[in-house]
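The structure appears right after this line, and notes come after that.
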Amino acid sequence: MKAIILAAGEGSRMRPLTYTRPKVMLPIANKPILEHLLMAAARAGISEFILVVGYHDEQVRDYFGNGERWQLKIDYLTQRKRRGTADAIRRVRASIDGKFLVMNGDIITSSEDIINLTNRSDNAIGVKDVDDVSGLGVVEVRGGQITQIYEKTVRPPSNIANTGLYLLTPDIFDAIARTPKSPRGEYEITDSLRLMIEMGQRIAPQEISYWLDFSYPWDLLSANETLMAGIEARTLGKIEDNVFIKEPVAIGEDTILRSGCYITGPVVIGRGCDIGPNCYIRPYTAIGDDCHLGAAVEVKSSIIMRGTKIPHHNYIGDSIIGENCNFGSGTKIANLRLDKKNISVAGMDTKKRKLGAIIGDGVETGINASINVGTIIGNNTAIGPGAVVSGIIAPGSRVF
């Protein structure tokens with residue numbers, strides 16, 4: 001069986017993190033979302049993949065190549081224009097022989113759920129009951145069959161989410177050929193499946209037990225905590241004397257932990273990092289390759305991407321920091337309101353009581369800069385010494 005993974009989109013709601021990378025390449029526990037999904041499918045026995053790529057596709061191609069690194073076979077289909085999921089699936093018809101799996105590339109699920117789905121013989125959609133379906137597609141189920149499929153609606157008629165996992169038979173291609181453009185001007189696979197239902201064909205629901213979906217940047221932090229809970233301790237770098245490590249902590253090659261570091265896992269540190277001396281790294285922190293965390297720096301529950309430097313007297317809590325940022329001495333990020341209420345971003349309740357900042361690539365701060373809770377900072381922004389920053393900061397801004 002082959003798996004088609006839909007990975008062509010930007011993920012505009014993830015900005016500024018997706019200005020320079022596709023959503024599927026956002027890191028969680030130091031691995032792209034797409035890698036977590038691929039590995040789950042591989043553990044389920046699938047070894048042949050077609051990745052549908054478009055936005056910044058070079059990053060996906062460079063990272064995954066032909067799949068040899070994971071003993072997989074990966075081919076690519078380029079979808080430059082937004083023509084929709086049904087159009088992408090239509091274009092792989094010549095490569096399909098029998099039933100096949102289709103997965104949205106911006107989700108994470110388990111190998112057990114993939115096995116349960118692929119063991120079916122009929123067309124099926126992976127579904128899950130969720131408390132909040134805002135921003136999600138949903139389905140209605142009666143008598144063990146899906147009777148209606150809805151894209152994102154203002155008033156969803158059910159709490160059964162479409163998880164973006166599909167087992168399809170070649171019958172889908174006839175439905176795709178009859179599928180009109182959606183109001184968004186795209187050919188949607190959900191419209192094709194709706195046509196099949198209208199023609200009396202069975203579309204079965206398959207319950208998915210483990211499903212991580214990402215709509216907004218702060219969703220990455222929740223997933224990071226979930227995925228890091230199962231990491232294994234490893235030490236591939238150098239550890240100086242007087243370093244305290246409470247496992248599990250994974251340390252990459254050519255990384256050095258200098259004297260006085262105190263690290264409480266689960267923590268993942270990438271390759272080529274320079275950590276310490278005398279810093280405190282708290283649980284659920286993922287540090288990318290070639291980062292520097294220096295003296296009197298404290299970090300907790302955060303994602304720090306490749307090449308970022310946080311070298312002197314800084315506090316980073318419950319935040320996502322993009323690539324190649326540089327924080328001046330004394331820069332602090334707040335992560336808790338004084339009234340302890342949930343933190344909102346652009347008027348949206350994140351449902352998080354603790355949330356720091358979402359910071360894009362190439363951001364620099366001067367000494368003693370202060371960044372308020374729920375702040376979004378666009379790429380290549382400069383924040384001057386002593387500045388206090390709140391709200392949404394556009395890319396390329398100068399804040400003094």
Next item on the list: Mind listing whichever residues of region 99-131 are within 17 Å of ARG194 (Cα to Cα), crowded, with 18+ Cβ neighbours inside 10 Å and over 24 Å from the mean Cα position of the chain (by Cα)?
Entry: ASN123, ALA124
Next item on the list: Confirm whether VAL268 is out of contact with any Phe, Trp or Tyr (no Cβ under 6 Å at 6 or more places or on another chain) and under 30 Å from ASN116 (Cβ atoms).
Entry: yes
Notebook entry, point to check: Which one of the conditions (1) in contact with a helix residue (DSSP H, G or I) (Cβ under 7 Å, 6 or more places away or on another chain); (2) hydrophobic (A, V, I, L, M, F, W, C); (3) in a loop (DSSP other than H, G, I, E, B) does ILE46 fail to meet, given that it meets all the rest?
Noted result: (1)
Check: How many residues, within region 301-323, are touching a residue at least 24 places away in the same chain (Cβ under 8 Å) and out of contact with any Asp or Glu (no Cβ under 6 Å at 6 or more places or on another chain)?
Finding: 8
Item checked: Residues located in region 348-383, provided they are of a type in the set (Gly, Ala, Ser) and out of contact with any strand residue (DSSP E or B) (no Cβ under 8 Å at 6 or more places or on another chain) -> GLY362
Notebook entry, point to check: Of the residues that sit in region 113-136 and are among the charged types (D, E, K, R) and more than 20 Å from LEU168 (Cβ to Cβ), which one is modelled with the lowest pLDDT?
Noted result: ASP132
Notebook entry, point to check: Within the set of pairs 6 or more residues apart or between chains, which connect a residue that is of a type in the set (Gly, Ala, Ser) inside region 54-77 to a residue that is modelled with pLDDT under 95 and surrounded by fewer than 16 Cβ atoms within 10 Å (Cβ to Cβ) with Cβ atoms less than 6 Å apart?
Noted result: GLY54/ARG80
Margin query: Any residue at all in region 388-399 that's in contact (Cβ under 8 Å) with a residue 24 or more places away in the chain, surrounded by 23 or more Cβ atoms within 10 Å (Cβ to Cβ) and not in a loop (DSSP other than H, G, I, E, B)?
Written below: no
Check: Only one of (1) closer than 19 Å to GLY105 by Cβ; (2) assigned to a loop (DSSP other than H, G, I, E, B) fails for ASP122. Which number is that?
Finding: (1)
Checklist line | Of residues in region 11-25 being part of a loop (DSSP other than H, G, I, E, B) and crowded, with 24+ Cβ neighbours inside 10 Å, the one farthest from the chain's Cα centre (by Cα) | finding: PRO16
Notebook entry, point to check: When only residues in region 49-71 that are in a helix (DSSP H, G or I) and touching a strand residue (DSSP E or B) at 6+ places or on another chain (Cβ under 8 Å) count, which is surrounded by the most Cβ atoms within 10 Å (Cβ to Cβ)?
Noted result: VAL60
Next item on the list: Mind telling me which of the residues ALA42, ALA8 ends up being crowded, with 19+ Cβ neighbours inside 10 Å and not acidic (Asp, Glu)?
Entry: ALA8
Margin query: Tell me yes or no: at least one residue of region 114-125 is touching a residue at least 24 places away in the same chain (Cβ under 8 Å) and on the phi > 0 side of the Ramachandran plot.
Written below: no
Check: For the subset of region 72-98 comprising residues that are of a type outside the set (D, E, K, R), out of contact with any Lys or Arg (no Cβ under 9 Å at 6 or more places or on another chain) and assigned to a helix (DSSP H, G or I), which member is surrounded by the fewest Cβ atoms within 10 Å (Cβ to Cβ)?
Finding: ALA94
Notebook entry, point to check: Does region 213-222 include one or more residues that are within 30 Å of ILE377 (Cβ to Cβ), in contact with a Ser or Thr (Cβ under 8 Å, 6 or more places away or on another chain) and either hydrophobic (A, V, I, L, M, F, W, C) or modelled with pLDDT of 95 or more (or both)?
Noted result: yes
Notebook entry, point to check: If only one of ASN335, ASN342 is surrounded by fewer than 16 Cβ atoms within 10 Å (Cβ to Cβ), more than 17 Å from GLY294 (Cβ to Cβ), polar (S, T, N, Q) and in contact with an Asp or Glu (Cβ under 6 Å, 6 or more places away or on another chain), which one is it?
Noted result: ASN342
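The values are calculated or read from the model by the stated rules, or taken from the named source; none is laboratory data. Since we're looking at a predicted model, the values are computed, not measured. Methodologically, a virtual Cβ is constructed for each residue, glycine included, from the backbone with ideal geometry; neighbour enumeration extends over all protein chains shown.
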